[in-house]
Amino acid sequence: MLLRIAFLMELLFGKWGFGFVLCWWLTFSGAYSVEGIHGDSKVRGVNLGGWLVVEGWIKPSLFEGILNGDMLDGTEVQLKSVTLQKYVAADNGGGMNVTVDRDVASSWETFRLWRVSTSEFHFRTLQGQFLTCGSGGCSATAESPSTLETFVIERNNGRVHIKVGNGAYLQAAIENQLTADYPGNPGWDNNAATFEMTIVANNLHGDYQLANGYLHNEAKRILKRHRNSFITIDDFNFLYRHGINTVRIPVGWWIAYDPNPPAPFIGGSLESLDNAFSWAQAYNIKCIIDLHAAPGSQNGMEHSASRDGSTDWPSQAYISQTLHVIDFLASRFGTHPALLGIELLNEPSAATVPLDTLVSYYKQGYEIVRKYSPSAYVIICQRIGNADPLELYQANIGSHNIVVDLHYYNLFDTFFVNMSAEDNIQFIYKSREAQLQALNNANGPLVFIGEWVNEWNVTSGSQTDYQDFGRAQLEVYNAASFGWAYWTLKNDRQHWDFEWNIRNNFLQLGNCLGSFVLCFTPDKHT
């Protein structure tokens, strides 16, 4: 029926007139309608990322005051004996002996730090056990850290000494073994207690790293200042003036335990979320609460507040705790006039979160939200990695107002590395548009592009290139039956920053927003 109408409209009005009328018709015909959105039929949103859930890449200055800031929780290190010129290794990646006999460092020779204080650390192996040292030597068999697994690291440029609780130092001297019995205070010459420490990766800069890096009082001061200044009512005024009708607000699981969440997390995010709802209501903007960080971490990334890159969420204890968080959020905001929906979990990992476990959680989360709101949208996020979004359309999670959230980036995959500007634009039209059409026609949940950005791997893109790329995304993502939300409102990286894009004319919302939608652009498919 729609194709027949479109054909007749093109005959009547010509190409440009057809585009104008078709876009107007789609907007006001109710082809896709989102309950509660004023002045538009679908979500035109922006994410408030990096605010109530910390992501260091969004605002790196948050971490600049941490002593030994290159040794945060989750930092990966390798240790090499300066006398033996061999690497310390946990045999089989953990659960067995520790040796000092490897010429080349790989995964068994890599340890993840758990930070206790500025100078005290635990060393975690690939398999999850901890380095432990006592009178009988060292092994990697401890399942959880305590005194015997706590080490003081003394640094001198790239060299370190590692001291145990009784004051003795680790050394590699006896048959290439690691022992905790070096006598006295070692110097920094080539002796058995001196190791070269290589920092392989220091990629995690989330809430856990910030709070545990600064310790409680200083972290509380830093985060209070950040939460009070990063997003304010003025930003909601900006969004309102530019036709944005929704904000997606990432929150961490610890918000349910405010004002005194479990260590090391810092309270205060609930007050900020309350403020956001008040500001949104004042400007007729809707809110989506997005559970961005689940207990145990659902994907091992900093934005899920993982301590060391592990994904421990798919356990019954953590799932039960997460459902408690959803209950807290739904009970507090379920009847708030600014609430549009609750997203049950952001970006679960396809590699570590089984589909049946996720679907079971989503079904339980749906029922919890429905206890408090018959109409709030329940948003379920596609697994990231090797997963088909159609898997959630076949899951029968709830009866009404269900939305599937997809995240579209022309980044984070080698597929996009060598693409030109035009290649990227054509990918939007040929691949993304086709997938959206298929999902829109799947007779299931509504489709939400919950994250996208006007950035790519093109290093020489001009302002016009960015404008064309943004225009292509807006044109295609406007077809999503629930709508879209840009990532993010503010960001130290300019092209990720929505406000910067708008003010500097790199992203042109222009005629693609507003109550009277004029979203037609010249045909970019050719």
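The values are calculated or read from the model by the stated rules, or taken from the named source; none is laboratory data. Just so you know, these numbers come straight off a predicted model, no measurement behind them. Every residue, glycine among them, receives a Cβ derived from its backbone with ideal geometry; neighbour counts consider all protein chains shown. Please note that ligands, DNA and RNA were not included when accessible areas were found on the heavy atoms of the full protein model with its side chains. Shrake-Rupley method; radii C 1.70, N 1.55, O 1.52, S 1.80 Å.
For THR75, list long-range residues whose amide hydrogen, built 1.01 Å from N in the peptide plane, is under 5 Å from its own amide hydrogen.
LEU113
Only residues of region 271-309 count here: report those whose backbone N is under 14 Å from the spot 7 Å along Cα→Cβ of ALA351, or say none.
298-302, 309
Taking the simple approach of a point 7 Å from Cα along Cα-to-Cβ for both ASN203 and ASN166, what is their distance in nm?
3.9 nm
Setting aside same-chain residues fewer than 8 positions from LYS371, which lysines have a Cα under 20 Å from its Cα?
Straight-distance partners of LYS371: LYS363.
Out of the DSSP beta bridges found with both residues in the chain, what percent are antiparallel (nearest 5)? Mind dumping the intermediate values first?
Working: 38 of 72 bridges.
Approximately 55 percent, going by the DSSP bridge assignments.
I'd like the FRET efficiency for HIS216 and GLU35, computed as 1/(1 + (r/R0)^6) with the beta carbon distance as r and R0 of 60 Å, rounded to 0.05.
Details: r = 42 Å, r/R0 = 0.71.
Calculated value: 0.90.
Per DSSP H run of at least 4 residues, take -39500 (n - 2.57); add these up for the chain, divide by its residues and hand me the 222 nm value, nearest 500 deg cm²/dmol. Display every interim value, and only then the final one.
Values: 12 runs with 148 residues, N = 526.
That comes out to -9000 deg cm²/dmol.
Once you keep just the Cα pairs under 8 angstrom separated by 6 or more residues, what percentage relative contact order results for the chain? Before the final figure, lay out each step's value.
Numbers: 1085 pairs, mean separation 78.5, N = 526.
Over the chain, the number comes to 15 percent.
How big is region 258-358 by Rg and Dmax over its Cα atoms, in Å?
For region 258-358, the Cα radius of gyration and maximum Cα-Cα distance read 14.6, 42 Å.
Cα atoms only: what Rg and Dmax, in Å, come out for the chain?
26.0, 93
Could you work out what % of the accessible surface of the chain is carbon and sulfur, using a 1.4 angstrom probe and leaving DNA, RNA and ligands out of the count?
Working: 10730 of 21560 Å².
Taking all protein chains in place, the chain shows 50 percent carbon and sulfur surface.
For LYS224, which lysines qualify as cross-link partners when the Cα separation must be under 20 Å and same-chain residues fewer than eight apart are set aside?
Filter leaves LYS59, LYS490.
Given an 8 Å cut-off on Cα distances and at least 6 residues of separation, report the relative contact order of region 278-429 as a percent. Don't skip to the answer; put the middle values down first.
Numbers: 215 pairs, mean separation 31.2, N = 152.
Reported relative contact order: 21 percent.
Could you tell me the largest-minus-smallest coordinate of the C-alpha atoms of region 418-504 on each of the three principal axes, in descending order and whole angstroms?
Here the spans come out as 40, 27, 17 Å, largest first.
Scanning the chain for helices, which whole DSSP H stretches are 18 Å or more long along the axis (Cα) and average -0.5 or more by Kyte-Doolittle? Can you show the working numbers first?
Values: long enough: 2-28 (21 Å, 1.44); 216-229 (20 Å, -2.06); 269-282 (20 Å, -0.11); 316-333 (25 Å, 0.46); 355-372 (26 Å, -0.52); 463-477 (21 Å, -1.11).
Flagged H segments are 2-28, 269-282, 316-333.
Determine the gain in length on full extension of the stretch THR83-ASN396; use 0.36 nm per residue of separation and subtract their C-alpha separation, reporting nm with one decimal.
Details: separation 313, 0.36 × 313 = 112.68 nm, distance 6.20 nm.
Extra length available between THR83 and ASN396 comes to 106.5 nm.
Would you kindly derive the ³J(HN,Hα) couplings of region 84-97 from the backbone phi angles with the Karplus curve 6.51 cos²θ - 1.76 cosθ + 1.60 (θ = phi - 60°), listing them in order in whole Hz, with x for Gly and Pro?
3J(HN,Hα) across region 84-97, in whole Hz: 8, 6, 10, 8, 6, 9, 9, 4, 6, x, x, x, 9, 6.
Take the Cα atoms of region 56-132, find their three principal axes, and give me the spread along each one in whole Å, biggest first.
Principal axes ranked by extent give 40, 26, 22 Å for the Cα atoms.
Using alpha-carbon pairs under 8 Å, 6+ residues apart, how would you state the relative contact order of region 75-201 in percent?
Details: 327 pairs, mean separation 34.1, N = 127.
Dividing the mean separation by the residue count of region 75-201 yields 27 percent.
How much accessible area per residue does the chain have, counting only protein heavy atoms and a probe of 1.4 Å, in square angstrom?
Values: 21560 Å² over 526 residues.
Counting only protein heavy atoms, the per-residue value for the chain is 41 Å².
R0 = 45 Å: FRET efficiency of VAL104 with THR464, Cβ-based, nearest 0.05? Please list the in-between numbers first.
Details: r = 48 Å, r/R0 = 1.07.
Result of the calculation: an efficiency of 0.40.
Per residue of region 298-309, in order, report the coupling 6.51 cos²θ - 1.76 cosθ + 1.60 (Karplus, θ = phi - 60°) as ³J(HN,Hα) in whole Hz, putting x for Gly and Pro.
8, 8, x, 9, 5, 6, 9, 6, 5, 6, 9, x
How far is it, in nm, from the label point at SER315 to the one at ALA434 when both lie 7 Å from their Cα along the line to the Cβ?
4.3 nm
Would you calculate the separation in nanometres between label points at ASN237 and ALA442, each defined as 7 Å from the Cα along the Cα-to-beta-carbon direction?
Each label point is offset 7 Å from its Cα along the Cβ direction, giving 4.2 nm.
When the chain is fully extended, how far beyond the present Cα-Cα distance does ASN275 get from GLU367, taking 0.36 nm per residue of separation?
Numbers: separation 92, 0.36 × 92 = 33.12 nm, distance 2.69 nm.
Taking 0.36 nm per residue and subtracting the Cα distance, the gain is 30.4 nm.
Could you sort the peptides 352-363, 389-400 by per-residue average Cβ neighbour count (10 Å cutoff), highest mean leading? Working shown, then result.
Values: 352-363: 17.7, 389-400: 16.2.
In descending order of packing, they fall as 352-363, 389-400.
With a Förster radius of 35 Å, plug the Cβ-Cβ distance of TRP57 and SER144 into 1/(1 + (r/R0)^6) and report the FRET value to the nearest 0.05.
On the way: r = 30 Å, r/R0 = 0.87.
The value I calculate is 0.70.
Viscosity 0.890 mPa s, temperature 25 °C: what is the translational diffusion coefficient of region 75-201 from Stokes-Einstein with a Kirkwood Rh over Cα pairs, rounded to a whole number of µm²/s? Walk me through the numbers before you get to the answer.
Working: Rh = 14.0 Å.
Once the numbers are plugged in, D ends up at 175 µm²/s.
Pull up the cross-link candidates among the lysines for LYS286, meaning alpha carbon to alpha carbon under 17 Å and not fewer than 8 places away within one chain.
LYS286 reaches LYS42.
Sort 295-301, 42-48, 177-183 for me by packing, meaning the mean count of neighbouring Cβ atoms within 10 Å per residue, highest on top.
On the way: 295-301: 23.7, 42-48: 26.3, 177-183: 18.9.
Descending mean neighbour count gives 42-48, 295-301, 177-183.
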